[in-house]
């Protein structure tokens, strides 16, 4: 025990000093995580407002941290975007899993809503990033495969519940087309058109039997 520790113990007592030290240590351990969270939130806002062209300087300024702090947390801007893309991926996967478990009455509207993204402006920045950054493109391709699998399951379950016996497109092809529609619809005003096309992709067939008429 050094002299400073002995003096603190003498002044505050051992039971006061030790919890204080633990609290100070805990704060120092939390600071990097807090800064990382601030950078992620600032990145989300900057990309939503500016697109993938938002600079590291803009993100740091919005987060209230220095450039050095950014590079302590992320190797580069694309690494931060990958984390945001994974968050969006989890949003889609969870939503499609819920649709597979309990198909809604209006599947097309639900799928259209999910494909628009939890933050449509951020989703457009993600698509832009994948178009210009090869690493993001590869990462996005891997995420897309899992998203597609979950959407296929949701679509198959919805077709089963509506007794679609011979759909015009198989579930895999229809799901790929839906995902492409979601990427292409960059204007929110197109959402109703997207919903209509998704409904056709999902349920068009030459032998549709309404529930209760089988």
If I filter region 116-138 for residues that are at positive phi, in a loop (DSSP other than H, G, I, E, B) and either outside the structural domain of residue 54 (by TED's automatic domain parsing) or modelled with pLDDT under 90 (or both), do I get at least one hit? yes
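If you go through region 26-33 one residue at a time, do you hit one that is under 17 Å from the mean Cα position of the chain (by Cα), touching a residue at least 12 places away in the same chain (Cβ under 8 Å) and in a helix (DSSP H, G or I)? Lay out the reasoning, then the answer.
Quick first cut of region 26-33, residues under 17 Å from the mean Cα position of the chain (by Cα) only: none.
No, every residue in region 26-33 fails to be under 17 Å from the mean Cα position of the chain (by Cα), touching a residue at least 12 places away in the same chain (Cβ under 8 Å) and in a helix (DSSP H, G or I).
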Look through region 121-147, keep the residues that are in contact (Cβ under 8 Å) with a residue 24 or more places away in the chain and surrounded by fewer than 16 Cβ atoms within 10 Å (Cβ to Cβ), and return whichever of them is nearest to the chain's Cα centre (by Cα). 146
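Determine, yes or no, whether residue 33 is modelled with pLDDT under 95 and over 30 Å from residue 182 (Cα atoms). Don't jump to the end; show me each part of the working.
Working: modelled with pLDDT under 95: yes; over 30 Å from residue 182 (Cα atoms): yes.
Here the answer is yes, as residue 33 does meet what is asked.
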First in region 61-76 and part of a helix (DSSP H, G or I), second anywhere and modelled with pLDDT of 95 or more and surrounded by fewer than 12 Cβ atoms within 10 Å (Cβ to Cβ), Cβ under 8 Å, 6 or more apart: 67/57
On the basis of being surrounded by fewer than 19 Cβ atoms within 10 Å (Cβ to Cβ) and either within 19 Å of the chain's Cα centre (by Cα) or not assigned by TED's automatic domain parsing to the domain that holds residue 190 (or both), does residue 112 make the cut? no
Might you let me know whether region 62-73 holds any residue that is touching a helix residue (DSSP H, G or I) at 6+ places or on another chain (Cβ under 9 Å), more than 22 Å from residue 44 (Cβ to Cβ) and crowded, with 16+ Cβ neighbours inside 10 Å? no
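Condition first: part of a helix (DSSP H, G or I) and closer than 14 Å to residue 199 by Cα. Now tell me which residues in region 153-172 satisfy that. Don't jump to the end; show me each part of the working.
Our first condition is that a residue be part of a helix (DSSP H, G or I); within region 153-172, this holds for 153-161, 171-172.
Within region 153-172, 154, 155, 156, 158, 159, 171 qualify.
Tell me, which residue of region 98-109 that is in a loop (DSSP other than H, G, I, E, B) and exposed (fewer than 14 other Cβ atoms within 10 Å of the Cβ) is modelled with the lowest pLDDT? Spell out how you get there, then give the answer.
Within region 98-109, the first condition is being in a loop (DSSP other than H, G, I, E, B), and the residues that meet it are 102-106.
Right, trim to exposed (fewer than 14 other Cβ atoms within 10 Å of the Cβ) and you get 102, 105-106.
Working: 102: 86, 105: 80, 106: 87.
That would be 105.
The values are calculated or read from the model by the stated rules, or taken from the named source; none is laboratory data. Only a predicted model underlies this, so the values are computations on that prediction, with no experimental measurement involved. Note that each Cβ is placed from the backbone with ideal geometry, even for glycine, and that neighbours are counted across all protein chains shown.
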